[in-house]
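In what follows, a single structure is set out as structure tokens and then discussed.
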Amino acid sequence: MKIAMVASESNPLAKTGGLGDVVYSLSKALVKLDNEVMIVIPYYDSIQRLPNLDISYVTSFFVGMSWRHEEAKVYMTIIDGIKFYLISNQRYFARQHLYGDFDDGERFAFFTLAARELFKNINNIPDVVHIHDWQVGMFPCLVREQHDTFYEKTKFVLTIHNPAFQGLMPRSCLGDFYSLPQYLFDNGQVRFKDQLSTLKTAIVYSDKITTVSHTHRKELLTPEGGMGLDGVLKMREYDFMGIINGVDFDEFNPSKDPLIAKQYSLKDALEGKEENKRALCKELHIKNYKKPTFSIISRLTWQKGMDLAYKGIEFLLKRGANVIILGSGEYEYERRAEELRAAYPSQMAIYIGYNNTLAHKIYAASDFVLMPSLFEPCGITQMIGQRYGTLPIVRLTGGLEDTVVPYNRFNLEKASGFGFHAFNTDDYIASLVMALDAFNDMDVRKKLINNIMRIDNSWSKNANTYLDMYKSMFTK
Ligand code: GLC
């Protein structure tokens, strides 16, 4: 099958979060299953600065956006058998960051329109165009409403990674950016919360819709967890699936990981982790590496439950534990991390930003990884943690509920982390206390590490689920 992923980010070229991991690792798994996979992303400034990329020029064309025309220059590189098409435009993508600008709506409208033109320009018709999140949500609507015969046989799949970002913009953007008629707003097709929503539009026009875990699918179909999308998703319920993400087991493999101080596997996990912990604590100036070590590797945003996280961290620091934070996000959360570090300099280390090497070291060195998320469509950190024998402590929501069996003293045989349900400090701290107890009980600790390092969270199962879903669209 010929599959085109169209997204705003993808590893290993541009990544700010789990979206970038998934677009790439799913594509890699689909290539292994003998499919032809292309990924289309913007050619961000940060990609231009990457060393050793073998990039070739493909084509260029103008993209019409209402009364103006913007040039798209397209480049290509092949990584792991995947063809990456990079769409460049100085005005929109020569910036320091990927998102967060006042004109994001316009930038990604340009990108969506350019991606649509690209396949025509290179005369390559995908069987499936798989779009991800709000940025490229208008693709199927454009094709269907403008009766684009080039895509007549193509099917469209939308994956919702983060329903909190809905691509809301004034109705005028429908004409200004996308050259689509206003009646699509008036008749409700693209209207949401009285604005244009590219995410809602994608739900209406895609052939299939997925989100990244079973539990999150259920949540999205309810008024409490649907973020307003439950109504429109209900209408598409029979074309809406939950497929849990996998982890790139080649990149995240403690027995072969070149970025960590000492490689280890199931049989020498305790010693291996201890050695990594010793090295990392030294590097980060944490005094006592024998103490239980808790980490956060995350975007520092409200979605990730940072308010709760800091309350837990304070509790842990008072108990003498070590804490490491790697991430960036809302200023207030970055500032509070710094405040805590200043109060407990010998127990805590922070890195504001993203650093892949450090992330690997933290996974290998930590005893626990914290994810008290407010909502979590899937979550990858908990699964990478499990691969490295690092016990996740999670709020049981979305994908966290699907991937962590919380330890409760009676289920040692199958427990795979720690968990709590209600988003409040007491329940959270109760789960931290349980984790500290488990740390001190060597038999329990060993058994839990053994359980989690045996879990197969690779793409081996679910890349096939995606493939079956793609195929099902052609056998009606
Ligand atoms: C988003 C979600 C996260 C998910 C990731 C990849 O970042 O918040 O839960 O794991 O997308 O699908």
### Task
Could you look through the stretch 396-408, keep only residues that are more than 12 Å from the ligand (Cβ to nearest atom) and surrounded by 24 or more Cβ atoms within 10 Å (Cβ to Cβ), and pick out the one that is nearest to the chain's Cα centre (by Cα)?
V404
### Task
Check whether at least one residue in the stretch 66-79 is out of contact with any Lys or Arg (no Cβ under 9 Å at 6 or more places or on another chain), more than 21 Å from G137 (Cα to Cα) and aromatic (F, W, Y), and report yes or no.
yes
### Task
Being surrounded by 21 or more Cβ atoms within 10 Å (Cβ to Cβ) and away from the ligand (no atom under 16 Å from the Cβ) is the filter here, so list the residues in the stretch 209-241 that pass it.
L233
### Query
Are there any pairs with C-beta distances below 6 angstrom linking a residue in the stretch 10-37 that is free of Cβ contacts under 8 Å to residues at least 24 places away in the same chain to a residue that is away from the ligand (no atom under 11 Å from the Cβ) and part of a loop (DSSP other than H, G, I, E, B), with the two at least 6 apart or on different chains, and if so which?
G20/N11
### Query
Could you say whether any residue in the stretch 152-175 is in the same structural domain as S27 (by TED's automatic domain parsing), assigned to a loop (DSSP other than H, G, I, E, B) and among the β-branched types (V, I, T)?
yes
### Task
Any chance you could count how many residues in the stretch 283-302 are away from the ligand (no atom under 13 Å from the Cβ) and assigned to a loop (DSSP other than H, G, I, E, B)?
9
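Please pick out the residue among T149, T154 that is without any contact (Cβ under 8 Å) to a residue 12 or more places away in the chain and more than 14 Å from the ligand (Cβ to nearest atom). Spell out the reasoning first.
Values: T154 fails: without any contact (Cβ under 8 Å) to a residue 12 or more places away in the chain.
Among T149, T154, only T149 is without any contact (Cβ under 8 Å) to a residue 12 or more places away in the chain and more than 14 Å from the ligand (Cβ to nearest atom).
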### Query
Taking E237 and the conditions (1) under 22 Å from the mean Cα position of the chain (by Cα); (2) under 30 Å from V157 (Cβ atoms), which numbered condition does it fall short on, given that it satisfies the others?
(1)
### Task
Can you tell me which residue within the stretch 354-374, out of those that are open to solvent by 20 Å² or more (accessible area, probe 1.4 Å) and within 15 Å of the ligand (Cβ to nearest atom), is modelled with the lowest pLDDT?
Y354
### Query
What about I55, is it more than 20 Å from the chain's Cα centre (by Cα), among the aliphatic types (A, V, I, L, M), in the same structural domain as D127 (by TED's automatic domain parsing) and more than 16 Å from the ligand (Cβ to nearest atom)?
yes
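The values are calculated or read from the model by the stated rules, or taken from the named source; none is laboratory data. Here the structure is a predicted model, which is why all the values come from computation and not from measurement. Note that we place each Cβ from the backbone using ideal geometry, even for glycine, and neighbour counts take in every protein chain shown. Only protein heavy atoms, including side chains, enter the accessible area calculation; ligands, DNA and RNA are left aside. Shrake-Rupley method; radii C 1.70, N 1.55, O 1.52, S 1.80 Å.
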